[in-house]
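What follows is one structure encoded as structure tokens, with my remarks underneath.
Here, each number is a calculation from the coordinates, and none is a lab measurement. This is a predicted model, so every value here is computed, not measured. All Cβ positions, glycine included, derive from the backbone under ideal geometry; neighbour counts span all protein chains shown.
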Amino acid sequence: MSSRIPLPYSQRVIELFKNPVNLGKMDDATVFAQAGSPACGDMIAFYLKIDEKKEKITKSSFESFGCASNIAAASEVTIMIHNKTLKEAWNISWKDVSDALGGLPKIKNHCGTLAVGALQRAIRKYYTTIKKEIPDWLPKEYTKDEKHAMEEEELAKKLAKKYNLSI
Amino acid sequence: MKKVDGLLEEHGRSKIEVYVDWENGNYVPKEVFEAMKPFYLERGFANPAITHRLGWETYELYVETKEKLVQPLNISPQDFYITHGLTESNNIAIRGVAKANKKRKKIITSSVEHLSVIHSSRFMESQGYKIEEIPVYSNGIIDLDRLQDIIDEETLIVSVQLANHEIGSIQPLREVIEIVKDKNKDILVHSDMSAAFGRMKIDLNKLDIDLATFDSSKILGPKGVGGLFVKEGVHVKPLLEGQLSVEILSPEVEIMPLIAGFAKAVELQFENFDEHISSLTKLRNKLLYGLYTTIPKTLINGAEGEKRIADNVNLSFIGCEGEALTVECSMNGIYTSSGSACSSRILMPSHILTAIGRRPEEAHGSLLMKISRLNTEAQIEYILETMPKVVTRLRKITGSIEL
């Protein structure tokens with residue numbers, strides 16, 4: 001098969017892969033968002049239950065179609081945002097996720113970015129389509145991580161076109 | 001470099017372990033190791049090109065070993081050149097042939113060749129050559145009509161493997177040779193036979209082929225040694241510049257322990273050959289169809305029946321991502337590999353699965369298992385028991401995500 005490199009995962013990645021925390025669809029979620037593309041083999045879905053008065057995440061869960069680090073990163077994010085305000089959750093960076101995971105192999109950094117991108121997509125979706133009131137701290141422009149998720153989806157489309165794949 | 005102690009500790013070690021990743025690495029049977037040992041410790045360690053007693057002794061052993069090595073192929077040892085493995089053999093077959101034959105400037109390969117063939121021909125494309133790829137049907141077998149259409153007087157070489165290393169499809173090589181030689185006898189035919197050798201009978205003497213690639217580690221021999229058959233009269237040049245010795249297609253390749261190990265591996269692989277291959281096929285079918293029938297939403301990648309090489313199992317489990325599959329298998333003691341993007345450096349799914357028309361999510365969920373005579377029926381049963389649990393757990397993580 002094609003070329004490979006060893007992926008020395010941290011203990012934490014393996015731990016969360018073995019026993020993912022907050023896994024599964026949430027039927028009573030306030031908001032749901034998904035990022036990534038099946039062409040990249042890399043998709044994350046987040047479900048957030050939001051206390052709308054306090055603007056706090058009271059419960060969250062994830063689903064993931066992806067590699068071990070993708071699953072671990074998504075799970076780690078749901079742990080990190082527990083009981084956080086939406087603003088606090090918004091400010092979590094891919095680096096924070098990677099650090100919490102004990103570091104990701106360089107080639108897998110995009111898993112952390114995708115997880116953060118999916119989370120920000122969910123938060124933006126909440127303010128734009130549910131609350132319909134955008135707070136000051138939420139940037140009008142898409143963030144780097146949101147763009148990364150979009151770029152990955154766009155790239156997947158391009159590659160699929162190049163290699164004549166259907167998505 | 002990062003240490004992986006923590007990973008290994010958290011990973012744990014399964015009580016039952018089954019190695020079915022023979023495509024990507026192998027240990028050697030004890031007999032192979034024993035055949036190699038004296039060349040490290042006692043004799044045959046000198047350079048066979050040097051004129052002293054130990055050199056001559058090594059040369060004698062070298063000649064003897066090589067005779068044994070090529071015996072199942074029915075060729076003269078002089079037409080079999082030792083290389084450092086299939087990657088080098090394939091590179092020489094494309095680039096070394098181009099170097100020695102400058103008139104024709106078109107190279108035809110199949111779309112499912114080993115990357116050492118694909119990348120070699122892409123390199124030649126950068127040198128002004130025209131490259132054409134023969135497409136394959138969904139079972140991985142090449143479209144012979146297409147070959148007929150694209151072959152022309154400009155064609156230097158046509159390279160089509162005998163069996164695919166990833167999905168096991170056996171190519172109609174005899175027909176390929178017929179088409180090529182009907183067009184023009186001077187057009188060369190190369191075949192990467194590394195995934196087929198030792199699993200089916202190959203009589204190179206009866207096949208009008210110009211070049212063929214072999215590799216020791218694909219038949220449980222040591223890594224780092226292989227061969228290239230070059231028919232007498234075909235011009236090829238080495239790719240590495242250096243001092244050539246007894247072997248003239250690759251410098252510093254007279255590594256006697258490896259050559260002896262390769263020869264021993266050949267001998268063992270061809271012992272009771274018919275029986276060996278029929279029991280391997282039986283075991284493979286048990287695994288391939290066992291997984292296919294017990295796990296829903298599963299696809300078989302590659303050809304079936306007579307058109308599939310005896311040791312190959314390749315399936316796609318829809319709703320699972322391949323890298324996660326290999327990790328989850330590993331935790332259950334099953335060592336295997338995937339054609340998914342995430343398990344590769346380039347983050348693109350295997351070009352072979354793409355060539356047979358697999359959708360991305362199908363390619364990403366692929367798992368390659370190769371079996372050898374070192375696998376037992378009990379191990380295959382363990383895989384059959386374990387895989388449904390592995391797939392179910394990963395599908396649960398994918399949950400309601402629509403692919």
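The residue B:272 and residue B:122 beta-carbon pair, evaluated with R₀ = 51 Å, returns a calculated FRET efficiency of approximately 0.75. Dividing the radius of gyration of the alpha carbons in the range B:272-398 by their Kirkwood radius gives 0.96 for Rg/Rh.
Modelled label positions at residue B:299 and residue A:53, each set 7 Å beyond Cα in the direction of Cβ, lie 5.2 nm from each other. The slack between residue B:183 and residue B:289, meaning 0.36 nm per residue of separation minus the straight C-alpha distance, is 34.1 nm. Applying 1/(1 + (r/R0)^6) with R0 = 45 Å to the Cβ-Cβ distance of residue A:88 and residue B:138 gives a FRET efficiency near 0.35.
Considering only B:72, B:388, A:50, and ranking their Cα positions along the charge dipole of the protein assembly as shown that arises from unit charges at the beta-carbon of Lys, Arg, Asp and Glu, the one farthest toward the positive end is A:50. Distance from the alpha carbon centroid of the range B:285-355 to that of the range B:127-179 works out to 24 angstrom. Size descriptors for the range B:30-269, from the alpha-carbon set: Rg then Dmax equal 18.0, 58 Å. With a 10 Å cut-off around each Cβ of B:392-402, the average count of Cβ atoms from other chains is 6.
May I ask you to list the GluC sites (Glu not before Pro) in the range B:192-273 that are in a DSSP loop and have at most 11 other Cβ atoms within 10 Å of their Cβ? Please list the in-between numbers first.
On the way: sites: B:232, B:241, B:247, B:252, B:254, B:267, B:271; in loops: B:232, B:241, B:247, B:252, B:254, B:271.
Within the range B:192-273, the qualifying GluC sites (Glu not before Pro) (loop, at most 11 other Cβ atoms within 10 Å) are B:232, B:241, B:271.
Look at the stretch A:103-113: the mean tally of other chain Cβ atoms within 10 Å of its residues' Cβ atoms is 1. Note that the range B:289-305 has calculated 3J(HN,Hα) couplings of 7, x, 5, 4, 7, 8, 9, x, 6, 10, 10, 8, 9, x, 6, 10, x Hz, one per residue in order, obtained from phi through the Karplus relation 6.51 cos²θ - 1.76 cosθ + 1.60 (θ = phi - 60°); glycine and proline are x. Placing +1 on the Cβ of every Lys and Arg and -1 on the Cβ of every Asp and Glu, with nothing else charged, gives chain A a dipole about its Cα centre of roughly 220 debye.
Counting 0.36 nm for each residue step from residue B:51 to residue B:243 and taking away their Cα separation leaves a gain of 67.5 nm.
Once you average over the residues of A:38-50, how many Cβ atoms of partner chains fall within 10 Å of each Cβ?
Values: counts 11, 9, 7, 19, 7, 6, 1, 5, 0, 2, 0, 0, 0.
Rounded to a whole number, the mean comes out at 5.
Could you please rank A:124, B:373, placing first whichever residue has the fewest other Cβ atoms within 10 Å of its Cβ?
Details: A:124 20, B:373 17.
The order, fewest Cβ neighbours first, is B:373, A:124.
Axis of helix B:30-41 versus longest Cα principal axis of chain B: the two differ by about 40°, to the nearest ten degrees. With each label modelled as a point 7 angstrom along the Cα→C-beta vector, the residue A:128-residue B:17 pair spans 5.1 nm.
Only helical runs count toward this figure. For the protein assembly as shown, summing -39,500 (n - 2.57) over DSSP H runs of n ≥ 4 and dividing by all residues gives -12000 deg cm²/dmol at 222 nm. 3J(HN,Hα) along the range B:230-238, derived from phi through the Karplus expression 6.51 cos²θ - 1.76 cosθ + 1.60 where θ = phi - 60°, amounts to 10, 4, 3, x, 7, 8, 9, 10, x Hz, with x in place of Gly and Pro.
Taking the dipole about the Cα centre of the protein assembly as shown, with the C-beta of Lys and Arg at +1 and of Asp and Glu at -1, give me whichever of B:193, A:41, B:227 is farthest to the positive side. Looking along the dipole axis, the top candidate is A:41. Modelled spin-label separation between residue A:25 and residue B:76, with each label point placed 7 Å from Cα along the Cα-to-Cβ direction: 7.0 nm. Between the listed residues B:296, B:312, B:278, the Cα displaced farthest toward the positive end of the dipole of the range B:268-318, a dipole computed from Cβ unit charges relative to the Cα centre, is found at B:296.
Magnitude of the Cβ-charge dipole of the range B:82-190, K/R +1 and D/E -1, about the Cα centre, nearest 20 debye? Show your work: numbers first, answer last.
On the way: 14 positive and 16 negative charges, 113 e Å.
That gives the range B:82-190 a dipole magnitude of about 540 debye.
Taking one quarter of the surface of the C-alpha convex hull of chain A gives a mean projected area of 10.5 nm².
Scan the range B:191-227 for trypsin sites (Lys or Arg not before Pro) in coil per DSSP, keeping those whose Cβ has at most 10 other Cβ atoms within 10 Å, and list them by number.
Details: sites: B:199, B:201, B:206, B:218, B:223; in loops: B:199, B:201, B:206, B:223.
When the trypsin sites (Lys or Arg not before Pro) of the range B:191-227 are filtered for loop state and at most 10 Cβ neighbours within 10 Å, B:206 remain.
Distant-in-sequence amide contacts of residue B:188, defined by a placed amide H-H separation under 5 Å and a gap of 5 or more residues or a different chain, comprise B:157, B:158.
Angle of helix B:53-70 to the longest C-alpha principal axis of chain B, folded into 0 to 90 degrees and rounded to 10: 60°. Across chain B the C-alpha pair distances fall into 20 Å bins from zero in the proportions 26, 55, 18, 0 percent. Spatially, the range B:23-48 and the range A:24-97 are offset by 54 Å when compared through their Cα centroids. Placing +1 on each Lys and Arg Cβ and -1 on each Asp and Glu Cβ, with no other charges, gives the protein assembly as shown a dipole about its Cα centre of roughly 1480 debye. The GluC sites (Glu not before Pro) of the range B:63-154 that DSSP puts in a loop, and whose beta carbon has at most 15 other beta carbons within 10 Å, are B:153, B:154. Over the C-alpha trace of the protein assembly as shown, radius of gyration and Dmax come out as 26.7, 92 angstrom.
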